[in-house]
Every structure is written in C-alpha cells, then in structure tokens.
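Here's the structure, in structure tokens; my notes come after.
The values are calculated or read from the model by the stated rules, or taken from the named source; none is laboratory data. What you see is a predicted model, and the numbers here were worked out from it, not measured in a lab. No Cβ is skipped: glycine too gets one built from the backbone with ideal geometry, and neighbour counts run over all protein chains shown. What goes into the accessible areas is simple: the full protein's heavy atoms, side chains included, and nothing from ligands, DNA or RNA. Shrake-Rupley method; radii C 1.70, N 1.55, O 1.52, S 1.80 Å.
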Amino acid sequence: IQPKVFAGIYPVNGDEYPDLREAMDRLSLNDSSLVFEPETSAALGFGFRCGFLGLLHVEIIQERLEREYNLNLIFTAPNVEYWIKTQSRQLVTEPSPGDTPEAARLIAEGYVRVRNPSEFPDEVKIDEILEPWVKLSVITPNSYMGGVMELVKSHRGSFGPTEFIDETRVNLHFELPLSEVIVDFYDSLKSISSGYASMDYEQCGLRPGNLEKLTILVHDREVDAFAQIVPRERAGYAGRKIIEQLKEVIPKQLFTFKIQAAIGAKVIATVSKGAMRKDVTAKLYGGDRTRKDKLLKKQKAGKKRMKMIGQVEVPQEAFMAVMKR
C-alpha cells in the first residue's frame, strides 16, 4: 500500500508529544496503510510526518486521535509526493523497502523525493519537477456538465472522452494533478452539482510541472508550517490570499510588523499590521504643546526599538485558517 497524501500532525501542547507517539503506534497496529515518521517544525515543534491513502483517511485518523486519545492536534495542509532533479546532485534520496519499481528508477536517475515544502531545494538548482497526475471520472446530470468542466479547467485539468449513460446522466473523464484533487475539489464539485455529482480517480503516473515553493514570512521570520508548493502562475494569488487571512487572525503587537509572501528571495506580496497604541498624553491636563510632543517622540522611539528586537507569536487559529484555505 502506497500513501497518496502526506500531512503533518503536531500536538498543540508540546508536552503531549509522548501521548501522540503512543497513539500513533496503537493506530498503526490495526491500520497498515498509516505511515509516519518523526518530524520537527520551527513553528510547531515536534510532530509526525504521516502518509495517508486520501483526505477521507486523514479525517478518520484525526477523529480517532482526538476522540479516542483526547489529543488536541494541528494538521498541516495535505501535500503529495514530488520528484525533483537538481543540477548539483548534492541531495540524495535513499531507497526504502516499500518503494515501487518506478520510484526505484527515479532514484537511480538522480531524482530527489520531496514530501514537505521545507525539503524543496533552491530554485536555481532545479532541472525538472515531476508531480503525480490522476485519471478522474465524474458522473453528473447533464445540466451540470458545463459547471464541472469549468471546475476542472480551473484546477489545471485536461479533458478526456465523454460517455452518455442515459438521457439525463453523463460520465466525464479528465486528467489533472493529484494535488488539485486532494484539497477542495470534492467540496467544490458537490457545490456546483447541488450534491448530485460523484467522482472516482486513480493515479496515472508522473508529469513535469511548473511549480515553486511559496514561503510566508511574519516580521521577517520564515514560518515553515505555512510554506506550500504551488503552480507558478498561481503563486501571486495564493500568496496574497494567505497573508490577508493571517492579517485578520494574528493579533496586534506593541509594534508594527509585516506579513510577506515570497518566492525564493523575491517578495511578491506584503501587508502590514498596525501596532497597539497607548494614549501616553492622557495624563496631561495642560501646559505647553512641547510636553505632548516629547511624550509622543519617546513612544515612537520605544516602538522602533521593539520592532528591531520583538518577535511575533503566531496563534493556533492562524495555522487552522491557512490549512482550511
């Protein structure tokens, strides 16, 4: 059994990491398709990188961990497995016992396996990126056929043959990247078809992709849990949407700070969050204007100093907002 979707699991409270490890060991005893290995995040601490069969499998594991073992967890955004060939050949993927013949061939040809955006190499070193594609079959009433086609087109899909089952139903065939299917495609399909459409998919191999790593910086500090691998043509839109969401959920600090989206060393979108301000002139009840100006100048100098040495704590709600995007 080969995992199709990879996501990170981290305890909200770092002291619950031993309990999470024990719970994962127990779940793996009666679920042989659950694959996990320890992982560390600078923002989320100690956790596990897990492989699942699909999004439904992710939801089942999450429910069992929270209900049966009473754990409060953060699940990172699901990712798929990419294969990247670099120019330097310094990065090496070691073969594992569960590798398919195709994976063994790619490793022999010098490709590197990437399951996490933090493992994504520098853009200048990349020769080729391969991403998994799937054959998708959608059965829907005829009246929703146009909406389904628009949905697939917006998810980088290509059209295949169309089969008319009867006078009212049609079976549509498409090919599109697995990363587009595992996030919100099913929910969008149900919404467009008023719940009448159904879908099934199977993997059909790897294809070259024009992808890049989107990095999110909060007060000039990279938060690796927000990093994503996105199509190059959508990087600007995705970056702006994420930082706008973060601006809403991250509380104000005592100093002004920036939230930025970047591709490599290039910043593609920036928003600023204003500082909390105390009315330092409230205690003044008269006198010369220079007294007020002196206090405001002192406050401004203090804000500038805090901006240089201060750090922004990202709350759990911010991670959940981005993962549900």
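A few remarks follow.
- For segment 1-85, the Cβ-based charge dipole about the Cα centre amounts to some 340 debye (Lys, Arg positive; Asp, Glu negative; other atoms uncharged).
- Dipole magnitude (debye, nearest 20) for segment 64-147, charges at Cβ of Lys, Arg, Asp, Glu: 200 debye
- Global form of segment 31-85, assessed from the alpha-carbon gyration tensor, a/c cut-off 1.5: oblate
- The Cβ shell under 15 Å around residue 171 holds other residues with a net charge of -4, Lys and Arg each +1, Asp and Glu each -1.
- Whole-Hz Karplus values for segment 8-21 come out as x, 10, 10, x, 4, 9, x, 5, 8, 4, x, 5, 5, 4 Hz, taken residue by residue from phi with 6.51 cos²θ - 1.76 cosθ + 1.60 and θ = phi - 60°; glycine and proline positions read x.
- Accessible-area composition of segment 121-220, carbon plus sulfur, in percent [1.4 Å probe]: 50 percent
- For segment 131-160 and segment 235-253, distance of Cα centres in Å: 30 Å
- Nonpolar atom fraction for segment 8-89, defined as the carbon and sulfur part of the 1.4 Å probe accessible area, stands at 46 percent.
- Put simply, when 165-178, 248-261 are sorted by average Cβ atoms within 10 angstrom per residue, most first, you get 248-261, 165-178.
- Positive contributions from Lys and Arg (+1) and negative ones from Asp and Glu (-1), summed over other residues with Cβ under 12 Å from the Cβ of residue 199, come out at -1.
- For segment 89-225, accessible area per residue (1.4 Å probe, heavy atoms of protein chains only), Å²: 52 Å²
- Taking every alpha-carbon pair under 8 Å whose residues sit at least 6 apart, segment 100-190 reaches a relative contact order of 29 percent.
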